[in-house]
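J.: Structure incoming, see below.
The values are calculated or read from the model by the stated rules, or taken from the named source; none is laboratory data. Note that the coordinates shown come from a computational prediction; the quantities given were computed from them, not determined experimentally. Backbone-built Cβ (ideal geometry, glycine too); neighbour counts: all protein chains shown. Surface areas here come from the heavy atoms of the whole protein model, side chains and all, with no ligands, DNA or RNA. Shrake-Rupley method; radii C 1.70, N 1.55, O 1.52, S 1.80 Å.
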Amino acid sequence: MRKILFHVGDMKTGSTSIQQALASQAWRCPSQTLDYVVAPENPYHHSLAMAFALEDTEAIDAEMQALSERIAQSTADVVVMSSELFEEVPPERFQAAIRRYLPQYEPLIQFLIYTRPHASRYLSSYSQVIKLGYFLGTLTDYFEDALEDRRFFHADRYMRWRAVFGDAVTVRAMLRPELFQQDVVQDFFHIAFDGAGFQVVDLPQTNESLALSDMAVLRDFHQRLKINHRWGQKAMLTARMRVGERLSEFLMRTPPVAGSTRLALHRELMDRIEETYGPDAVALDDAFFEGRPLFQTAMEQASQAAVDEEQSLDILDYFAPGILQQTQFWADLIGDLIKRDPQHWDLFFLEILNREMRGLSQADSV
């Protein structure tokens, strides 16, 4: 073993595509071997990331012990872990766990972070939280919500990772011209194999952007669930997330309503984004990209693409009134089903996702 690579985010930077390639063993490299040391029931290391983020010592111990065993059993040249949820874990907490559970591997450990320009990250993240039901306000409301935890201020967070792990941290710009073969999956394996030759088989597109009409359906669906059912328990929140995730997949497989466009930033909000995150774009360019104005240029391009007015996510702006009754009917029915045993439904939808990402049929065993 010569390298242990933690792919630690960021969210909305092609992580699902990377994880699908890893879980389905879609790479071919004649000179090196790679082992994606993930539990059979999962296509990613989200449970470890969540244990870290929640500071759940019991869960951390169980996850890290299992991870240590999988690494010890591997004979591959490169060992990989992946979860975009590691974005929410302070690097000091990561370092403490490594030194406790993986001290013998510390010199081999490297970290890979992909970072997306502020405006496109903002749009993509908003679409994601609507899809999962985490946040149901407007695009402008989400701007205020994001300011509270500074989630889109990237430069300081990456510098904190560098302060803890030094040159073991690689930060890559999620910009096509900056990626190997202009593709994040290709770029990931290029980094993992240190430039050695490899091939990746064709993969289906994942996490494509939703049309506004689809987002309106999902928003109304989650609003109805939230109003009519108690969702305070973590298991219920997670189950609702899984349902939204699955429903969005069905919506993306069907043509959107005629005339429905994609989510876009409006002029007033884009001005606020430039004012708030412009200095962070400069800091990113200076600290991680040799002063090349990658993120500053991306900000300027996003500004030029801004629309005049904020777009609507009111379901009645896209569908006849009858659709409202249907979404509420389905929300009530699904809510009743998952309320009875939310943990079961969470695991059920995770099993479906795991099989699909691994390229398995329902008849195959993991």
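J.: If the only charges are +1 at each Lys and Arg Cβ and -1 at each Asp and Glu Cβ, what is the size of the charge dipole of the chain around the Cα centre, to the nearest 20 debye?
T.: 720
J.: A follow-up question, please. Restricting to DSSP H runs of at least four residues, report the calculated mean residue ellipticity at 222 nm for the chain, -39500 (n - 2.57) per run over all residues, nearest 500 deg cm²/dmol.
T.: Computed ellipticity for the chain at 222 nm equals -17500 deg cm²/dmol.
J.: So for segment 139-204, what are the equivalent ellipsoid semi-axes in whole Å, largest first, each being the square root of 5 times an eigenvalue of the Cα gyration tensor?
T.: Semi-axes, largest first: 30, 19, 9 Å.
J.: Can you pull a Stokes-Einstein diffusion coefficient for segment 1-113 at 25 °C (0.890 mPa s), Rh from Kirkwood over Cα pairs, as a whole number of µm²/s?
T.: Estimated diffusion coefficient is 172 µm²/s.
J.: For the chain, what relative contact order do you get, as a whole percent, if you take Cα pairs closer than 8 Å and at least 6 residues apart?
T.: 23
J.: Okay, moving on. If you roll a 1.4 Å probe over the heavy atoms of the protein chains, what accessible area per residue do you get for the chain, in Å²?
T.: So the chain comes to 48 Å² accessible per residue, rounded to a whole number.
J.: Only helices at least 20 Å long along their own axis, judged from Cα atoms, and with Kyte-Doolittle mean hydropathy of -1.0 or greater: name those in the chain from DSSP H.
T.: In the chain, the long hydrophobic H runs are 57-73, 118-132, 212-228, 234-252, 267-288, 322-340, 342-358.
J.: Taking just the C-alpha trace of the chain, give me its Rg and Dmax in Å.
T.: 20.9, 62
J.: Could you work out the percent of alpha carbon pairs in segment 291-366 separated by over 19 Å, rounded to a whole number?
T.: 70
J.: Follow-up question, since we're still on this one. Once the principal axes of the Cα atoms of segment 212-328 are found, what is the range along each, listed largest first in whole angstroms?
T.: Rounded to whole Å, the extents work out to 52, 37, 26 Å.
J.: Pull up all non-local amide H partners of residue 266: gap of 5 or more, or a different chain, and H-to-H distance under 5 Å with H placed in the peptide plane.
T.: Counting only residues 5 or more places away or on other chains, the set is 307.
J.: How big is segment 137-293 in terms of Cα radius of gyration and Dmax, in angstroms?
T.: Rg, Dmax (Cα atoms, Å): 19.7, 55.
J.: Let me have the relative contact order for segment 159-198, percent, based on Cα pairs under 8 Å that are six or more residues apart.
T.: 18
J.: Once Lys and Arg get +1 and Asp and Glu get -1 on their Cβ, which of 326, 338, 284 lies farthest toward the positive end of the dipole of segment 267-366?
T.: 338
J.: Quick one: what Rg and Dmax do you get for segment 1-64 from the alpha carbons, in Å?
T.: 13.4, 40
J.: Let me ask something additional. Give the range of the longest stretch in the chain that excludes all trypsin sites (Lys or Arg not before Pro) found in loop regions by DSSP and having at most 16 other beta-carbon atoms within 10 Å.
T.: Longest site-free region, per DSSP loop and neighbour criteria: 3-149.
J.: With every protein chain left in place and a probe of 1.4 Å, what is the accessible surface of residue 106, to the nearest 10 Å²?
T.: Counting only protein heavy atoms, residue 106 exposes about 60 Å² to solvent.
J.: Any chance you could check the Cα centroid distance between segment 268-292 and segment 17-88 for me, in angstrom?
T.: Each part reduced to its Cα centre gives a spacing of 32 Å.
J.: Further, regarding this structure: How large is the convex hull of the Cα atoms of segment 250-317 per residue, expressed in Å³ as a whole number?
T.: 132
J.: Using the Kirkwood formula on the Cα atoms of segment 69-129, what hydrodynamic radius do you get, in angstrom to one decimal?
T.: For segment 69-129, the Kirkwood estimate is 14.2 Å.
J.: I've got another one for you. Determine the order of 161, 27, 345 by accessible area, beginning with the largest, at a probe radius of 1.4 Å.
T.: Greatest to least solvent exposure: 345, 27, 161.
J.: Which listed residue (72, 316, 171) has the Cα farthest towards the positive end of the charge dipole for the chain, taking +1 on Lys and Arg C-beta and -1 on Asp and Glu C-beta about the Cα centre?
T.: 72
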